[in-house]
Amino acid sequence: MYLDAFKQTLELSRREILARAAALAAVSAVPGAAFAAAKGGKARIVIVGAGVGGATAAKYLKMFNKDLDVTVLEQNPNYIRPYGSSEHLTGAVSMADLTVSYDGLKARGIKVMQEKVIALDPAKKKVVCASGKKYAYDFLIVSPGIELLYDKYDGYSEKIAEEKITSGWIAGNQTALLRKQLLAMPEDGTVVVCAPPNPYRCPPGPYERSALITEWTAKHKPKARIIILDPKDSFVTDETAIIGWNHLYGFVPPEPYRTKLDKYLVKPKNECRLSWVRGVDGGATVAVDAQNMTVTTKGAGKFKADVINIIPPMRAGVIAQKMGLTDKSGFCPINRVTFESTIHKDVFVLGDSSIADAMPKSAFSANTQAKNCARQIVETLAGRPLQEPAWSNTCYALAGDQWGIFVADVFRIVDGKIARVNTRARYQFFTASQAERMMASQYLRSWMRTITADAFV
């Protein structure tokens, strides 16, 4: 039985890999002529932000054309990866494990400068840094991630997030503080996780985080309760996640999930300690009282907790706004083929800040967007026409330490927008065996190692 499940899982993995390879084949197969140096000497490519999007773009530009002058401007000395950061809350990984060096990029001849960019001069094609230095570019890539809008909730602020009621969505000090708060919580404590509205950057995922906290408290704080307060009524991997919550924690889903998933659910043996208050049930967060440790919702009342984790609404990273790259949505409109800004010429916006239609805001998306963008720049420098792009995304998540789930997609431009073009099932099968679910959790961890190496080494 286990061997059969193993074979089924391998076949599922093979199909994912083939789909992904089809989407990225054109990216990695840049014609040899493209490696020639740009006419007139070295082209100067400046990249703002060295997360997955910016780092991948820098690396692949150098791989595609070793003669390019590539400079990365990043205000932080290292990258702390958000994907996998919820596992720090359970003690599975350390903050050191989450920290990634830029030495791999430097070894490729990429200049990585610790600079805080404060402005863009598109007329002179220069970026301005807080140090007073200005960097001239022929092409500029901006990958600034997201800004957390703490003040969208009455009574909440960045100062409160740093000191008492964390977000931890941008991995770092708040992530470590949340871990300490969980350890100090009483055995019968209450944890409230306030999920964000759409659109939001993931991973980490609020639902994965909640599940891992639930699993951890079952071992270390067995009387604790975990409450998800949500402005939404559903999420991308909700059905496969709910099956995991049910089997692992005795979660009884609301309708219509209960009817649809009935034959895949088990009867709980004990009272479930995980609750999900959806938007339809009034779960949207509206206010926070840090002194009394309470969260007020739109329609479900007030919730008092020992530990509160708030993931507020988001918009494009601060520097994207200062550069004038955003529209009224708070995100950056782009040319779908190249990811060039529709506001400033020769400026490209990657990752979480871009308006990429059906593509999720994820590390995987930023990685594949960066490869396509690098390719299009190299094609332009070589004097060749732009190529039709394709992108992919696989989001892995955990319902428990050994219970993996996923969604896998391929994207192309359809009727002028980036659309999902899958021809096969996107999600893990509801009938997945225990072995398949366990292997999916291992795929997740392998994916985290692989994408980190692909971007930074």
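The values are calculated or read from the model by the stated rules, or taken from the named source; none is laboratory data. Source: prediction; values computed, not measured. Glycine also receives a Cβ, built like all others from the backbone with ideal geometry; neighbour counts cover every protein chain displayed.
Miscellaneous remarks
- In the range 193-270, counting only helices (runs of 4 or more DSSP H) that sit wholly within it, the ones holding 1 or more residues that are in contact (Cβ under 8 Å) with a residue 40 or more places away in the chain span 206-220, 238-249.
- Some residue of the range 402-413 being touching a Cys at 6+ places or on another chain (Cβ under 7 Å) and at negative phi: yes
- Here the range 227-267 is the region considered, the condition is being hydrophobic (A, V, I, L, M, F, W, C) and more than 27 Å from the chain's Cα centre (by Cα), and the residue that is nearest to residue 428 (Cα to Cα) is 261.
- Yes/no for residue 379 being closer than 30 Å to residue 121 by Cβ and either without any contact (Cβ under 8 Å) to a residue 40 or more places away in the chain or not small (Gly, Ala, Ser) (or both): yes
- Screening the range 131-152 for residues that are over 24 Å from the mean Cα position of the chain (by Cα) and in contact (Cβ under 8 Å) with a residue 24 or more places away in the chain and picking the one that is surrounded by the most Cβ atoms within 10 Å (Cβ to Cβ) gives 139.
- When residue 56 is tested against the conditions (1) farther than 19 Å from residue 140 by Cα; (2) hydroxyl-bearing (Ser, Thr, Tyr); (3) modelled with pLDDT of 95 or more; (4) not in a loop (DSSP other than H, G, I, E, B), the lone failure is (1).
- One residue from 307, 295, 280, 288 being loosely packed, with under 15 Cβ neighbours inside 10 Å and of a type in the set (Val, Ile, Thr): 280
- Residue-level analysis places residue 60 among those that are closer than 23 Å to residue 354 by Cα, crowded, with 24+ Cβ neighbours inside 10 Å and aromatic (Phe, Trp, Tyr).
- Pairs meeting the criteria (first residue in the range 392-406 and more than 14 Å from residue 215 (Cβ to Cβ), second residue surrounded by fewer than 22 Cβ atoms within 10 Å (Cβ to Cβ) and basic (Lys, Arg), beta carbons under 6 Å, at least 6 apart or on different chains) are 392/20.
- Residue list for the range 279-299, restricted to those being out of contact with any Gly (no Cβ under 9 Å at 6 or more places or on another chain) and closer than 22 Å to residue 217 by Cβ: 285, 293, 294, 295
- Residues in the range 271-291 that are part of a strand (DSSP E or B), farther than 23 Å from residue 250 by Cα and not acidic (Asp, Glu): 285, 286, 287, 288.
- When the helices (runs of 4 or more DSSP H) confined to the range 66-117 are screened for residues that are surrounded by fewer than 19 Cβ atoms within 10 Å (Cβ to Cβ) and in the same structural domain as residue 209 (by TED's automatic domain parsing), none reaches at least 1 such residues.
- Taken across the range 161-176, residues that are farther than 25 Å from residue 80 by Cα and surrounded by fewer than 21 Cβ atoms within 10 Å (Cβ to Cβ) do not occur at all.
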